[in-house]
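The values are calculated or read from the model by the stated rules, or taken from the named source; none is laboratory data. Please read these numbers as outputs of a predicted model, since none were measured by experiment. When we count neighbours, we look across all protein chains shown, and the Cβ atoms used for this are built from the backbone with ideal geometry, even at glycine. Accessible surface areas use protein heavy atoms only, side chains included; no ligands, DNA or RNA. Shrake-Rupley method; radii C 1.70, N 1.55, O 1.52, S 1.80 Å.
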Amino acid sequence: MVIAIYPGTFDPVTNGHVDIANRASRIFDTLYVAVYDLSAKTLLFDTTERVAFFTKAAEHLPNVKVMPYAGLTVDLAHRLGAAVIVRGLRAGADFEYEFEMALMTKHLAPEIEYVSFMSSLEYQFLSSTLLKEVARLKGNVESLVPAHVARALREKLQT
Ligand code: ADP
């Protein structure tokens, strides 16, 4: 039984994140999507909203559970009995940071594997940050996020 966690800010969840959860859920027995409670980033959605969005986006995946967390990801992995930390890797944008995180994870918890899934081609250039910028400027983001997230973005950003 291999348990994995997929940590992130998910502000908000995009189709790129769902694609990673979908693919990881086929490999691991249980996948915990772990939503950072206290992110260093400036957030548009609070933790409850971000957890609810991902929960709905992953409702078709029975072995995926979504939860908030604070503190070190390796501590959460130990609490949940997870052997693997899953991350997504977009061409160029993520490599340096993810490499650093992988090495720091190894330093803190050598028994945990840090596994990066290559982003699918159609989501290579999709980030929550750019998505929010486009949504703020009233651009169409319908095909980039689940329908309930597109709705929430419209409601949150309407002025
Ligand atoms: P962070 O956790 O660094 O705050 P995010 O919450 O945006 O960043 O993303 C969580 C994880 O999902 C990270 O590993 C990130 O690289 C990955 N990710 C983000 N966007 C995509 C995408 N479009 N395709 C694949 N992976 C992605």
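Derived scalar couplings between HN and Hα for the stretch 8-22 equal x, 7, 6, 10, x, 4, 10, 5, x, 5, 4, 4, 5, 4, 4 Hz in order, rounded to whole Hz, by the Karplus curve 6.51 cos²θ - 1.76 cosθ + 1.60 (θ = phi - 60°), x for Gly and Pro.
Backbone amide hydrogens, once placed in the peptide plane, bring Val2 within less than 5 Å of Asp29, Thr30, excluding anything fewer than 5 places away on its chain. Here the sum of -39500 (n - 2.57) over DSSP H runs of 4 or more residues, divided by the residues of the chain, equals -12500 deg cm²/dmol at 222 nm, to the nearest 500. On a per residue basis, the stretch 3-157 carries 52 Å² of accessible surface, using protein heavy atoms and a 1.4 Å probe.
Each residue, Leu121 and Val2, gets one label point 7 Å from its Cα in the Cβ direction; the gap between the two is 2.7 nm. Residues in the stretch 101-106 carry Karplus couplings, in order, of 5, 4, 5, 5, 4, 4 Hz; the curve used is 6.51 cos²θ - 1.76 cosθ + 1.60 with θ = phi - 60°, and Gly or Pro positions show x.
Among all stretches of the chain without exposed trypsin sites (Lys or Arg not before Pro) (DSSP loop, at most 14 other Cβ atoms within 10 Å), which one is longest?
42-137
Of all aspartates and glutamates in the structure, the ones whose alpha carbon falls short of 15 Å from that of Lys106, not counting any fewer than 8 places away in one chain, are Asp75, Glu98. Taking the accessible area of the stretch 3-157, probe 1.4 Å, and keeping the other protein chains in place, the carbon and sulfur fraction comes to 59%. With 25 Å as the limit, the listed pairs Lys56/Lys132; Lys65/Lys138; Lys41/Lys132 have Lys65/Lys138 beyond it between alpha carbons.
Phi angles of the stretch 24-34 translate, via the Karplus equation with coefficients 6.51, -1.76, 1.60 and θ = phi - 60°, into HN-Hα couplings of 5, 5, 7, 9, 9, 5, 10, 10, 9, 7, 10 Hz per residue; Gly and Pro are given as x. Residues whose amide H falls under 5 Å from that of Gly88, counting only those 5 or more places apart or on a different chain, are Phe117, with hydrogens built in the peptide plane. Structural size metrics of the stretch 3-157, computed from C-alpha coordinates, are Rg and Dmax of 14.9, 46 Å. Given springs between every Cα pair under 10 Å in a Gaussian network model of the chain, which of Ala21, Ala52, Ala77 has the largest fluctuation? Highest fluctuation of the listed residues: Ala52.
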